[in-house]
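These notes are about the structure you will find just below.
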Amino acid sequence: MKIEKAKDQPVVLVKWYDYTKWVLDRVDGFPKNQRFVLGTRLADAVVLVVELLGEATFSEKGKKRELLDQANRKIEVVRWLMRLALDRNLVSKKQFLFSIQSLEECGRMVGGWARSIKL
């Protein structure tokens with residue numbers, strides 16, 4: 001059964017949701033000793049961004065901006081965790097490049113969304 005994505009959801013939320021699924025699939029393949037150290041932090045970070053973007057979707061202006069700023073900071077943390085995963089040979093260079101492209105795209109979208117909110 002395939003659940004359709006809501007048409008009124010922000011594009012960045014849908015893209016980040018797809019990226020989160022991709023990251024969780026990669027983390028599942030980490031060796032056990034890394035899955036519980038780096039894998040847990042990486043998984044927690046990407047899921048937190050889903051939560052922040054979801055909450056921002058339905059929040060008032062002031063709270064929305066705060067949530068988007070938090071999401072943007074957490075995206076930067078994910079970028080560094082993915083770099084560490086590459087350095088530890090937990091992801092391939094091809095996977096890392098895909099990840100960085102996704103992070104840059106979503107980061108630009110979140111930043112643009114945050115800037116569009118007039119406080």
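Looking for whichever is closer than 17 Å to residue 91 by Cα and acidic (Asp, Glu) here; the options are 28, 44. Which one fits? Spell out the reasoning first.
Details: 44 fails: closer than 17 Å to residue 91 by Cα.
Result of the check over 28, 44: 28.
Quick check: anything in the stretch 62-69 under 18 Å from residue 102 (Cβ atoms), in contact (Cβ under 8 Å) with a residue 12 or more places away in the chain and under 11 Å from the mean Cα position of the chain (by Cα)?
In the first step, residues of the stretch 62-69 are kept if they are under 18 Å from residue 102 (Cβ atoms); the result is 68.
Restricting the remaining residues to those that are in contact (Cβ under 8 Å) with a residue 12 or more places away in the chain gives 68.
Subset that is under 11 Å from the mean Cα position of the chain (by Cα): none.
Within the stretch 62-69, none of the residues are under 18 Å from residue 102 (Cβ atoms), in contact (Cβ under 8 Å) with a residue 12 or more places away in the chain and under 11 Å from the mean Cα position of the chain (by Cα).
Just wondering, is there one or more residues in the stretch 71-92 that are of a type in the set (A, V, I, L, M) and farther than 19 Å from residue 26 by Cβ? Walk me through how you get there before you give the answer.
In the first step, residues of the stretch 71-92 are kept if they are of a type in the set (A, V, I, L, M); the result is 71, 75, 77-78, 81-82, 84-86, 90-91.
Next, only the ones that are farther than 19 Å from residue 26 by Cβ stay: 71.
Yes, there is a match, as at least one residue in the stretch 71-92 is of a type in the set (A, V, I, L, M) and farther than 19 Å from residue 26 by Cβ.
Test residue 11 against the stated conditions and say whether it is under 16 Å from the mean Cα position of the chain (by Cα), closer than 30 Å to residue 118 by Cβ and touching a residue at least 40 places away in the same chain (Cβ under 8 Å).
Details: under 16 Å from the mean Cα position of the chain (by Cα): yes; closer than 30 Å to residue 118 by Cβ: yes; touching a residue at least 40 places away in the same chain (Cβ under 8 Å): yes.
Yes.
Every residue in the stretch 64-91 that is farther than 24 Å from residue 52 by Cα and out of contact with any helix residue (DSSP H, G or I) (no Cβ under 8 Å at 6 or more places or on another chain), please. Walk me through how you get there before you give the answer.
Looking only at the stretch 64-91, we keep the residues that are farther than 24 Å from residue 52 by Cα, and these are 86-91.
Residues satisfying the conditions are 87, 89.
Can you name every residue in the stretch 32-46 that is in contact with a helix residue (DSSP H, G or I) (Cβ under 9 Å, 6 or more places away or on another chain) and modelled with pLDDT of 95 or more?
38, 39, 40, 41, 42, 43, 45, 46, listed by residue number.
Of 24, 53, 81, which residue is farther than 18 Å from residue 13 by Cβ and not basic (Lys, Arg)? First the steps, then the outcome.
On the way: 24 fails: farther than 18 Å from residue 13 by Cβ; 53 fails: farther than 18 Å from residue 13 by Cβ.
Going through 24, 53, 81 in turn, the sole match is 81.
Within the stretch 89-96, is even one residue hydrophobic (A, V, I, L, M, F, W, C), touching a residue at least 12 places away in the same chain (Cβ under 8 Å) and closer than 20 Å to residue 12 by Cβ? Lay out the reasoning, then the answer.
At the first step, the residues of the stretch 89-96 found to be hydrophobic (A, V, I, L, M, F, W, C) are 90-91, 96.
Filter again for touching a residue at least 12 places away in the same chain (Cβ under 8 Å), leaving 90-91, 96.
Among the residues that remain, those that are also closer than 20 Å to residue 12 by Cβ are: none.
For the stretch 89-96, residues hydrophobic (A, V, I, L, M, F, W, C), touching a residue at least 12 places away in the same chain (Cβ under 8 Å) and closer than 20 Å to residue 12 by Cβ: absent.
The values are calculated or read from the model by the stated rules, or taken from the named source; none is laboratory data. Remember, it's a predicted structure, so these values are computed and weren't measured experimentally. Positions of Cβ are backbone-derived with ideal geometry, glycine not excepted, and every protein chain shown enters the neighbour counts.
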